[in-house]
Amino acid sequence: MLTDTLLYYIIVCMGIEVFFSDDPNWVLSETGVFLSSEPVHHYLVLTLLQSRTTHYEPGRYWVAQDNKTTVGVAVQSPLNARALITPMTSDVVPAVVNAISEAAVALPGVAGDAATTAHFAGEWAERHKSPVFPFLGLRLYEVNEVQNLSDVKGHFRKAVLNDRKLLINWVSRFSVDIGEKENTSDDEELQKRETTSSRIVDSSLSDEHLWLWEDTKPVSMVARTTAVAGVVQVRLVYTPQEHRNRGYATACVSKMSKQILNEGNRCILYTDLNNPISNTIYRRIGYRAVAEAIQYRFE
């Protein structure tokens with residue numbers, strides 16, 4: 001039930017009602033059935049909402065309903081982040097764009113399912129008379145059965161506290177490799193990255209979600225998320241340049257994927273469409289494409 005303390009406004013557009021709240025608990029209770037109905041396609045939104053209910057950070061949340069049935073969700077948290085959206089039909093997207101625009105929220109961009117996100121970006125550009133730029137294409141994969149691969153020298157092990165310094169360095173280098181960050185020698189920027197990487201590593205070590213492939217020494221890493229609606233994401237797949245082309249990353253992902261499936265969970269990962277090598281590797285393991293995603297930057 002909507003309350004004044006949780007609800008700031010309702011926008012009605014073409015028969016679609018768009019509700020706004022800054023309370024992730026309300027949003028999750030209102031949209032849980034909708035999000036859990038397609039946990040792979042809604043995974044990122046569902047994960048963010050669940051995370052905000054346990055580790056609060058300010059956010060903005062929009063819920064689109066048609067005849068009291070949820071038909072789309074948009075989330076923005078932290079408040080300077082791009083909006084993350086679920087797949088929506090063509091009649092829902094303009095209503096959500098209208099609601100966000102009416103609130104005078106200056107979104108820096110949007111991310112989500114390729115078709116929905118492209119439609120959203122187009123509506124935003126038209127509404128605000130400003131350019132939008134696609135800058136990152138991703139492919140969502142899921143694996144149901146991991147294929148047996150040739151042996152790779154070394155073994156798979158859980159990362160421990162003694163690995164922390166190395167892992168912080170690898171996570172920072174990973175962000176550069178995927179194009180999220182640029183190479184820099186600026187001390188202040190490097191310190192910020194180390195702080196961010198330290199937070200990621202410490203959280204993953206605490207949850208026992210970081211694993212390594214070791215061949216006399218650590219040569220590759222992989223991480224996983226906590227299961228949400230029975231879905232786990234494989235992430236942070238990284239091998240330093242000097243250890244590449246030896247099958248270490250493939251071995252890491254294969255072992256981690258088996259571990260997740262053996263727990264009875266569904267196993268997914270996202271890949272950068274600019275990296276055909278990683279897409280080929282994951283297909284060899286047994287992953288199959290589920291959907292494409294894209295991110296846009298707004299100006």
- Query: Reported to two decimal places, what Rg/Rh ratio describes region 46-136 when computed on Cα atoms with Rh from the Kirkwood expression?
  - Reply: 0.95
- Note on the structure: Cα-based Rg/(2.2 N^0.38 Å) for the chain, rounded to two decimals, is 1.05
- Query: Using the Karplus equation 6.51 cos²θ - 1.76 cosθ + 1.60 (θ = phi - 60°), what ³J(HN,Hα) coupling, rounded to whole Hz, does each residue of region 105-115 give in order, writing x for Gly and Pro?
  - Reply: 7, 8, 5, x, x, 8, 9, x, 3, 4, 5
- Query: Looking only at Arg246, Arg82, Arg224, which one moves most when the chain is put into a Gaussian network model with springs between Cα atoms under 10 Å?
  - Reply: Arg246
- Query: Quick one: with all protein chains in place, what share of the accessible area of the chain is carbon or sulfur, to the nearest percent (1.4 Å probe)?
  - Reply: 49
- State to the nearest 20 debye the size of the charge dipole of the chain about its Cα centre, where the only charges are +1 on K and R beta carbons and -1 on D and E beta carbons. 1080
- Note on the structure: With the charge dipole of region 87-244 built from beta-carbon charges (+1 for Lys and Arg, -1 for Asp and Glu) about the Cα centre, the Cα from Gly122, Trp211, Val237 projecting farthest to the positive end belongs to Trp211
- Query: Angle, helix 43-54 long axis vs. longest principal axis of the chain, Cα atoms, 0 to 90°, nearest 10?
  - Reply: 80
- Would you tally the net charge around Leu28, using a Cβ to Cβ cut-off of less than 14 Å, leaving Leu28 out, and scoring K and R as +1, D and E as -1? -2
- At R0 = 51 Å the Cβ-Cβ FRET efficiency linking His128 and Tyr56, nearest 0.05, sits at 0.95
- Item | Nearest-10 value in Å² for the accessible area of Phe135, using the 1.4 Å probe | 90
- Task: Please find, in a Gaussian network model of the chain (springs between Cα atoms separated by less than 10 Å), the residue of Gly32, Gly137, Gly264 whose mean-square fluctuation is greatest.
- Result: Gly264
- Message: I want to check the label-to-label distance for Ala227 and Ser36. Put each point 7 Å from Cα in the C-beta direction and report it in nm to one decimal.
- Response: 1.4
- Query: Of the residues Val232, Val201, Val152, which exhibits the maximal mean-square fluctuation in a Gaussian network model of the chain defined by a 10 Å Cα contact cut-off?
  - Reply: Val152
- Note on the structure: Taking placed amide H atoms and a strict 5 Å upper bound, the residues 5 or more places from Val231 or on another chain that come that close are Arg266
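The values are calculated or read from the model by the stated rules, or taken from the named source; none is laboratory data. Just so it is clear, the structure is predicted and the values come from calculations on it, not from any experiment. Counting neighbours? That spans all protein chains shown, and the Cβs are built from the backbone with ideal geometry, glycine included. Remember, those area values only see protein heavy atoms, side chains included, never the ligands or the DNA or RNA. Shrake-Rupley method; radii C 1.70, N 1.55, O 1.52, S 1.80 Å.
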